[in-house]
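Some notes on the structure that comes next.
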Amino acid sequence: MSEEPESRRTFVKLGVGAMGACYAAAIGYPVYRYLATPVTRASAQGQVTTVSIVQKDLPGPGSATMFLFGSRPSMLIHHQDGHYVAFDAVCSHMGCTVRFEPQNSRIFCPCHGGTYDMNTGAVIAGPPPRGLKTYRVEVTDGNVVVSRV
């Protein structure tokens, strides 16, 4: 009879230990990802200095194309007058991805209603503390080349 209580006690100890380990992992992993993310972003962004997009693959004037500049979502806007502008597509307020709204002539963040100027990336309205990062755009040999300013 003395073996049965000991085996129950061992089983309970193992079960509580396993639940504790799962709980620690559930708390620890998001903290690890949060702390590791800036290093990952910095290294990925530091490697990419230009992105080339074939001009014939782009939609016509009055539209935007989303692309990755390193690991960051970015936006290339083709204005009605034919010129291009490119911005980082991450809202400076809470990090949501912004979208181009040609019908409203703006760049809009759907998370908290931030509004940016579609020509300069400057904040027009809402909570964003600063405008969108601007990239240099050059059209050469049928390619649109986006590079860091």
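Residues in segment 47-93 that are modelled with pLDDT of 90 or more and part of a loop (DSSP other than H, G, I, E, B): 2 in all. For segment 114-134, a tally of residues being touching a residue at least 40 places away in the same chain (Cβ under 8 Å), in a loop (DSSP other than H, G, I, E, B) and within 17 Å of the chain's Cα centre (by Cα) returns 2. Residues of segment 100-122 that are of a type outside the set (Phe, Trp, Tyr) and touching a strand residue (DSSP E or B) at 6+ places or on another chain (Cβ under 6 Å): GLU101, ARG106, ILE107, THR115, ASP117, MET118, GLY121. Restricting the first member to segment 61-73 and to residues that are of a type in the set (D, E, K, R), and the second to residues that are at pLDDT 90 or above and surrounded by 14 or more Cβ atoms within 10 Å (Cβ to Cβ), the beta-carbon pairs closer than 9 Å and six or more apart or on different chains are ARG72/ASP88; ARG72/ALA89; ARG72/VAL90; ARG72/LYS133.
State whether the residues of segment 105-113 include one that is free of Cβ contacts under 8 Å to residues at least 12 places away in the same chain, outside any loop (DSSP other than H, G, I, E, B) and under 21 Å from the mean Cα position of the chain (by Cα). So far as segment 105-113 goes, yes, one or more of its residues are free of Cβ contacts under 8 Å to residues at least 12 places away in the same chain, outside any loop (DSSP other than H, G, I, E, B) and under 21 Å from the mean Cα position of the chain (by Cα).
Here THR134 does not qualify as among the hydroxyl-bearing types (Ser, Thr, Tyr) and either over 17 Å from MET66 (Cα atoms) or crowded, with 19+ Cβ neighbours inside 10 Å (or both). Within segment 77-97, the set of residues being under 19 Å from ARG130 (Cα atoms), surrounded by 15 or more Cβ atoms within 10 Å (Cβ to Cβ) and of a type in the set (A, V, I, L, M) comprises VAL85, ALA86, ALA89, VAL90.
The values are calculated or read from the model by the stated rules, or taken from the named source; none is laboratory data. Bear in mind that the values here come from a model prediction, so they are computed numbers and not experimental data. Cβ coordinates were reconstructed from backbone atoms using ideal geometry, including for glycine residues, and neighbour counts include every protein chain displayed.
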